[in-house]
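Please read the structure below before turning to the comments.
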Amino acid sequence: MHYVSTRGSGVRADFRSVVLSGLADDGGLYVPESLPVFTPEQIASWSWLPFDELLWRVVSPYVGTSIDENVLRELLSDSYRHFNHRAICPLQQIGHNEWVLQLFHGPTQSSKDFAAQLQSRLVAHFLGEVGAQALIVGATNGDTGLAALEAFADCPGARMSMLYPRNGLPAETLAALQTANPEQVQLFPVDGSFDDCQTLVSRLFRDWPLEGVIPICFNSTNWVGVLAQIVLYFHAALQLGGGIRPVGFSVPAASFAEIYAGFIAQKMGLPINQVIISTNRNDALHQFIHRNRYSTQVSNRTLSPSMDFSLFSNLERFIWELYGRDGGATKTLMEHFEDCGELSIGNPQWLSARVLFDSYAVDESQVRDEVIRLFRETGSAVDPHTAVGALAGRMHRRSLGAPMVTFGQIAPAKSAALLATLGVWQGEVPVVPEVHAMPPYLAKGDLEALRRALLLAWQGGA
Ligand SMILES: *Cc1c(COP(=O)(O)O)cnc(C)c1O
């Protein structure tokens, strides 16, 4: 299997180079040159498989000959060993033919564990092979950073740098990040939004200061971040439809990687009749699907903070697909977007996006009502992000006959304080930890300061 860049400069890479990378050399994102496609009979024959066996079927074509078969099998079975549910991601029924796919049984209780646990094992494997050092860099609003921290804690040869909005992290997350060993993990509070952090990370990868140190992104600009999500669609669709009956999905827009993975799963042959992109009132993706107007906007704080941003890096991979894998057209559009923060695609491309995708934006009072309603009807509390997805799924499903699966990305316990105020939480409400004063922070857009700090840390600690 070979990978090319969304910006079409003729880059060609194998799976190992894709794992050990930030962006492609031309500043684009890596995408597989072709997709494995399975027949309905093949897919239906997997309906009884345990999660790690299914993972192997879905992931191994993307790895190709880069990892020996037995080594890969072991690595995949090891990846989700620390999840606390035997089904890895069980389905909970919340209504008539309505389900929540619980993606929060990993070590940090969010769906980000799926990508992080797999990525850290792949990185450790390949770093061992090439005998090199790597710096794992990324931006976080909360969940991704925690998942990466947990996953890469013991990865030999790897250190981490994390950017986050100075005023944007929940105290629990910040406290957890601050317990990391500062020799291994460097924290960069940024005086700006999460979008500003992501922009700095992308620019850093295009202008990498550390010679001899491999840059790796822990956000899903890295292909592994997408790859790990594809299997989730297969798992749910096989449980509910045996791979024969079409299934619909509603995905709260906490990451476009999870949404885009549904598009890829469908192209691989999985019967999916619909993917609903559900947003809170930070509705950049809803505006894109609904009106073909995508723009980065100031984020409002909401009850579902993991969705409070507007810069979705995996949109670039989707646009590349919509434009028939035309790297030149994608490059022009993305450069225009980077300059002015706005994007519309051609009408034929937009119409083809609408074949699979719908979208819905939920406001704050609807989220509260939905949390309470679900508690009344099912006896269990769901977190507010999941409530956004469940409501969108019910409002916009195309077929009552197709099971509707909402991605449950975050454990309800993480929103215990809020759920308690809504009267739907009977467990303990953890005390908010104290966090100590922040280290000096980066001005937004100050790439030079970031490059200098990385150089200093690396020279000092190496
Ligand atoms: C999850 C995700 C985010 C949000 O980051 P968090 O740290 O989880 O808030 C942003 N971009 C991408 C591509 C993601 O997958």
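General remarks:
- Hull shadow area, averaged, the chain [alpha-carbon convex hull, nm²]: 20.0 nm²
- Other-chain or far-sequence residues with amide H under 5 Å of ILE94's (modelled H): TRP99, VAL100
- Taking amide H atoms as placed 1.01 Å from N in the peptide plane, the amide H of ASN219 lies under 5 Å from those of ALA139, each 5 or more residues away in sequence or on another chain.
- Where the chain is the region considered: accessible area per residue in Å², 1.4 Å probe: 39 Å²
- Surface share of carbon and sulfur [accessible, 1.4 angstrom probe, percent] for region 119-199: 47 percent
- In terms of packing, defined here as the mean over residues of other Cβ atoms within 10 angstrom, the peptides 218-225, 270-277, 63-70 line up highest first as 218-225, 270-277, 63-70.
- Net charge dipole size for region 146-232 [Lys, Arg +1 and Asp, Glu -1 on Cβ; Debye, nearest 20]: 140 debye
- Taking every alpha-carbon pair under 8 Å whose residues sit at least 6 apart, region 113-212 reaches a relative contact order of 29 percent.
- This model, with +1 at the C-beta of Lys and Arg and -1 at the C-beta of Asp and Glu, gives the chain a dipole about its Cα centre of some 800 debye.
- Model label zone, SER45; criterion: amide N under 20 Å from point 7 Å along Cα-to-beta-carbon; scope region 251-276: 268-271
- Residue-wise HN-Hα couplings along region 113-129, as the Karplus relation 6.51 cos²θ - 1.76 cosθ + 1.60 with θ = phi - 60° gives them from phi, are 4, 4, 6, 5, 5, 5, 4, 5, 5, 5, 5, 4, 4, 6, 5, x, 5 Hz; Gly and Pro carry x.
- For region 53-115, the Kirkwood radius over C-alpha pairs fed into Stokes-Einstein at 4 °C and 1.567 mPa s yields D = 98 µm² per second.
- Eligible aspartates and glutamates near LYS112 by straight Cα distance, threshold 13 Å, same-chain separation 8 or greater: ASP143, GLU150, GLU258
- Selection of GluC sites (Glu not before Pro), region 394-462, meeting DSSP coil and at most 12 other Cβ within 10 Å: GLU428, GLU434
- Applying 0.36 nm per residue to the separation of ASP326 and ARG368 and subtracting their alpha-carbon distance, the gain on full extension is 10.8 nm.
- Taken one residue at a time, the phi angles of region 132-138 give Karplus couplings (6.51, -1.76, 1.60, θ = phi - 60°) of 10, 9, 9, 10, 8, 10, x Hz. Gly and Pro are set to x.
- Relative contact order (%) - criterion: Cα under 8 Å, at least six apart; region: the chain: 20 percent
- For a straight C-alpha distance cut-off of 12 angstrom, the aspartates and glutamates reachable from LYS267 (same-chain residues fewer than eight places away being disregarded) are GLU321.
- Qualifying GluC sites (Glu not before Pro) for region 129-216 [loop in DSSP, other Cβ within 10 Å: at most 10]: GLU183, GLU211
- Contact order normalised by residue count of region 250-387, Cα under 8 Å, 6+ apart, percent: 30 percent
- Under the simplified labelling scheme, the ALA417-MET395 pair shows an inter-label distance of 2.8 nm, with each label point 7 Å from Cα along Cα→Cβ.
- Temperature 10 °C, viscosity 1.306 mPa s: under these conditions the Stokes-Einstein estimate for region 117-158, based on its Kirkwood radius over C-alpha pairs, is 149 µm² per second.
- Cut-off under 5 Å, modelled amide H: who pairs with SER161 long-range: ILE136, VAL137, GLY138, GLN186
- Size of charge dipole - region 389-462 - debye, nearest 20, with Cβ of Lys, Arg +1 and Asp, Glu -1, no other charges: 460 debye
- Farthest toward positive dipole pole in the chain [+1 Lys/Arg, -1 Asp/Glu at C-beta], among PHE263, GLY212, LEU400: LEU400
The values are calculated or read from the model by the stated rules, or taken from the named source; none is laboratory data. Every value quoted in this text rests on a predicted model; they were computed, and no experiment measured them. No Cβ is skipped: glycine too gets one built from the backbone with ideal geometry, and neighbour counts run over all protein chains shown. For the accessible areas, the whole protein counts, side chains as well, though only heavy atoms, and no ligand, DNA or RNA atoms are used. Shrake-Rupley method; radii C 1.70, N 1.55, O 1.52, S 1.80 Å.
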